[in-house]
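K.L.:
One structure follows; several queries about it will come next.
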Amino acid sequence: MIVIRLGWRNLWRNSSRSLITIAGLAFAFGFLIFAMGFSRGFILQLLRNGTELMVGHIEVHDGEYLPDRVLYNTIGGHDGTDWHAMVGRIRQHPSVRHAAPRVYAFGLLSTGNRSSGGQLVGVLPEAEQGLNRLFTPDVVAALGTGHAIALGERLALDIGANVGDEVAVIAPAADGTQGNELFRLTAIVHTGLPALDRSLALLRLGDAQALLALEPERIHEIAIGVGDPMDAAALAPDIARLSRAPAGAVFQGWRELLPQLSNYVDFARAINAFIIGLVVLFSSMGVLNTMAMATLERVREFGMLNAIGMKPRLIVASVLSESLCLVGLGLSGGLAFGTLMMAYLTTHGLNLAWLTGELPMFESRLDPVVKGVWDWNTIPWAAVSLTVATLFAAYWPSRRATRIDPVEALQAPVMP
Amino acid sequence: MGIAVLALGVGRLQAMQKAPLSPDDAKRIIDHVDRLMRGDSSRATVEMLVSTPQWKRSTRMTIWSEKTENVLIRIEAPKKDAGTATLRVGHNMWNYLPKIDRVVRVPASMMMVSWMGSHFTNDDLVKETRIIRDYNIETAFQGARDGTDVYEFTATAKADAAVVWGRIVYEVRQADTLPVWARFYAEDGTLKATATFSDYATMDGRVVPTRLRMTPQDKPGEFTEMHYLSLAFNVAIPPNMFALNSLRGS
């Protein structure tokens, strides 16, 4: 305890220098909290926009279905499966929030003399709510009746379709015929992903199956939403066991389905670690400077302590305790500074509209406003790293203090 | 090409069966193969059989064509598809679907999509490739194969030609310059599809292969076979046959 008191008292012997170092540490730690919070918000936004539009956190397909999305490769093979029961079992998993069946096909959409190719997706609109952000209550209601269709905004523009118009849909069906049917455009959706906005056509699952001559048991996908998307890969085998899926069905997490996004998330984490490393390095250099100066100033004092027989480990401990007080105050100030910045970042976010607008990237999109998210996984590590680096930085001056020759020290000039 | 011109051409070709072919003769034979099923105009009744691991379908259709630009195909059977029609005028293409009574324009982005579930694409119907114009022709083989004297020609796409295939290899019978098979290669040299010709018969005074089977290389066991039930050349085309109104039929 005496060592701590000694460190605390020594800290204020040159209060200006200590305050500058504490301010530097506080700024560094506060900046880290802000940077990590912004980065986590940025990554989570990309992740959510990537996995909460058309790609789920986990998806179930027939093993042969991806990447070509061949119409015939339905879950359970050509006979299909009792997907109602399978979806019910998947929903029983405690980590599963949503599960929805889907049918996909490529088709031609046309109004009058304007037509365009599109990705047809047959869905149960009610099951998509919460899983897929496109399914707002309005869109769910719009797709509530048979022969209703919702189009991506660019696709609707390309074929000159407005809400209420009739849209002809033609698609190669599973029996070799050309499936063709008329639908009523009841909603236009905006995904923010140009490829989707140009091609997406949502219709009811039953309508899609009828158009494509697929029996009611045949679906291409079950999309699953879980509590924490970062757990998706670990949860997939568990959910697969519980679902009693038919032979050949595969469960894949978003990291497999969206490799670019997955790589970016890993890259962003590596960048975060690099930034933490840099900030810690520069901060510890500041502490090293402070502690080196502090010991240099007190050569006579350490010489005296050595002369009266103070144990070297106590001298080391007194210097380290001084740096510990320094870093403790720095981290406290940083936490307060970071909390202030995070209060703004989590409430209002940073509006990057002037810089980027809505930006498609890595199979996802970045909204104009990025809100911060407290990164409690990284902040403790940053604090521990700063503390350890500071102690390391102070250790060298403290060891030097134990080796000061009392005779030489007492002859040294008195520092102002 | 008129029948008289064809007869003259065949006579000349018989004379040169033994001698090595000159580049001009090779071009002439390939042009003959390329124009074999075409006239200034034609009308054909064709049965198209499409076979995939999932299903097998037979469709009967009537095809009217005029030069290389205009084509109208109307499906007559089975009943479910009867009345479905495809019209191609130049580079434009439309489908008529009687179930929904709509004419739908096929956009450029859908040109590489399968036509009527077959192994032909929409693009196969609209392209106006002329082999001797778009490809350089070389004689790769001249001699007997399986007891028949044949020529093998390699057609390599010219650098500036807007064509799908990088290379096409033909085997042609020496006796009557009728095709035996054609192999279609992508630009990277990969074999993509093989067309096999058979059931040679005289139709409207012209000997033609009445059965053409197209086999995609990447889909084992699948094929599309076109069987010509009748074929008439230089027929009188009714007025407005290649207009949008005619898609709905009478």
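K.L.:
Please list the non-local residues whose amide H lies under 5 Å from the amide H of A:Arg184, H modeled 1.01 Å from N, same-chain partners needing a gap of 5 or more.
P.N.:
For A:Arg184, whose amide H was placed from the backbone, the distant partners under 5 Å are A:Ala148, A:Ile149, A:Val167.
K.L.:
Right, something else. Between A:Arg241, A:Arg133, A:Arg89, find the one with the highest GNM mean-square fluctuation for chain A; connect C-alpha pairs within less than 10 Å.
P.N.:
A:Arg241
K.L.:
Run down the aspartates and glutamates and flag those whose C-alpha is under 15 Å from the C-alpha of A:Lys311, throwing out any fewer than 8 positions away in its chain.
P.N.:
A:Glu301, A:Asp405
K.L.:
Let me ask another. For the range A:58-254, what proportion of DSSP beta bridges, expressed in % and rounded to the nearest 5, is antiparallel?
P.N.:
Here the share of antiparallel DSSP bridges comes out near 80 percent.
K.L.:
Please list, in chain and number order, the residues 5+ apart from B:Val150 or on another chain whose amide H is under 5 Å from its amide H, with Hs placed from the backbone.
P.N.:
Those lying under 5 Å, H to H, from B:Val150 are B:Gly143, B:Ala144, B:Arg145, B:Gln174.
K.L.:
Between A:Phe267 and B:Ala140, with labels modelled 7 Å along Cα→Cβ, what's the label distance in nm to one decimal, could you check?
P.N.:
A separation of 4.3 nm, rounded to one decimal place.
K.L.:
A follow-up question, please. Just to be sure I understand the model, the point goes 7 Å from the Cα along the line to the Cβ. What's the resulting A:Ser332 to A:Asp228 distance in nm?
P.N.:
Rounded to a tenth, the inter-label distance reads 3.1 nm.
K.L.:
Can I ask one more? As a check on your grasp of the helix formula, calculate [θ] at 222 nm for chain A: sum -39500 (n - 2.57) over DSSP H runs of n ≥ 4, divide by the residue count, round to the nearest 500.
P.N.:
Value at 222 nm, helices only: -17000 deg cm²/dmol.
K.L.:
Alpha carbons only, please: Rg and Dmax for the range A:58-254, in angstrom.
P.N.:
16.5, 51
K.L.:
Whole-Hz ³J(HN,Hα) for each residue in the range B:159-171, computed from phi via Karplus 6.51 cos²θ - 1.76 cosθ + 1.60 with θ = phi - 60°, x for glycine and proline: what do you get?
P.N.:
4, 9, 7, 8, 10, 7, 9, x, 8, 10, 10, 10, 10
K.L.:
Report the calculated FRET efficiency for B:Ser109 and A:Arg241 (r = Cβ-Cβ distance, R0 = 45 Å), to the nearest 0.05.
P.N.:
The pair B:Ser109/A:Arg241 has a calculated efficiency of 0.60.
K.L.:
Now for a separate question. PRE reach from B:Lys67 (point 7 Å along Cα→Cβ): which of the range B:78-107 fall under 17 Å by backbone N?
P.N.:
Once the point is set 7 Å along Cα→Cβ of B:Lys67, B:88-93 turn out to lie under 17 Å by backbone N, inside the range B:78-107.
K.L.:
Also, quick follow-up: Which of the peptides A:36-46, B:161-171 is most tightly packed, and how do the rest follow, going by the mean number of other Cβ atoms within 10 Å of each residue?
P.N.:
Put in order of decreasing packing, that is A:36-46, B:161-171.
K.L.:
OK, next. Pop a pseudo-label 7 angstrom from the Cα along the beta-carbon direction at both B:Asn92 and A:Arg184 and give the gap in nm to one decimal.
P.N.:
The answer from the label model is 3.2 nm.
K.L.:
B:Leu191 to B:Lys56: FRET efficiency via 1/(1 + (r/R0)^6), r the Cβ-Cβ distance, R0 22 Å, to the nearest 0.05?
P.N.:
0.35
K.L.:
Also, quick follow-up: At what distance in angstrom do the alpha carbon centres of the range A:116-147 and the range A:254-288 lie from each other?
P.N.:
38
K.L.:
Using only helices, what value at 222 nm comes out for chain B when you add -39,500 (n - 2.57) per DSSP H run of length 4 or more and divide by the total residues, to the nearest 500 deg cm²/dmol?
P.N.:
-4000 deg cm²/dmol
K.L.:
May I have the pair-distance distribution P(r) for the range B:103-250, computed from all Cα-Cα distances with 10 Å bins from 0 and rounded to whole percent?
P.N.:
That works out to 9, 29, 38, 19, 4, 0, in percent per bin.
K.L.:
Let me ask something additional. If you keep only loop residues by DSSP, which trypsin sites (Lys or Arg not before Pro) in the range B:18-87 have at most 15 other Cβ atoms within 10 Å of their Cβ?
P.N.:
The qualifying sites are B:Lys18, B:Arg38, B:Lys67, B:Lys79, B:Lys80.
K.L.:
Once each part is reduced to its C-alpha centroid, what is the distance from the range A:30-83 to the range B:161-231 in angstrom?
P.N.:
44
K.L.:
Just list whichever of B:Lys80/B:Lys219; B:Lys99/B:Lys158; B:Lys27/B:Lys79 have alpha carbons separated by over 32 Å in the model shown.
P.N.:
B:Lys99/B:Lys158; B:Lys27/B:Lys79
K.L.:
On to the next question. When chain B is modelled as a GNM with alpha-carbon springs shorter than 10 Å, which of B:Ser114, B:Ser51, B:Ser65 fluctuates the most?
P.N.:
Maximum among the listed residues: B:Ser114.
K.L.:
Follow-up question, since we're still on this one. Which residue fluctuates most in the GNM of chain B (Cα springs below 10 Å): B:Asp160, B:Asp24, B:Asp146?
P.N.:
Judging by the Gaussian network model, the answer is B:Asp146.
K.L.:
Same structure, new question: Rule-of-thumb check for the protein assembly as shown: C-alpha Rg over 2.2 N^0.38 Å?
P.N.:
It is 1.46.
K.L.:
If R₀ is 60 angstrom, what is the calculated FRET efficiency for the pair B:Lys99 and A:Val384, using the beta carbon separation as r and rounding to 0.05?
P.N.:
So, using R0 = 60 Å, E works out to roughly 0.30.
K.L.:
While we're here: Over chain A, what relative contact order in percent results from Cα pairs under 8 Å that are six or more residues apart?
P.N.:
28
K.L.:
In peptide A:162-171, how many Cβ atoms from other protein chains are near each Cβ within 10 Å, on average?
P.N.:
The per-residue average across the peptide is 2.
K.L.:
Which value in Å does the Kirkwood hydrodynamic radius of chain B take, with 1/r averaged over all unlike C-alpha pairs and then inverted?
P.N.:
So the Kirkwood estimate lands at 19.2 Å.
K.L.:
Between the range A:178-194 and the range B:59-135, how far is it from one alpha carbon centroid to the other, in angstrom?
P.N.:
If we compute the Cα centre of each part, the gap is 25 Å.
Each value in this text was obtained by applying a stated rule to the coordinates, not by laboratory testing. Keep in mind that this is a model prediction, so the values were computed, not measured. Neighbour counts run over all protein chains shown; Cβ positions are idealised from the backbone, glycine included.
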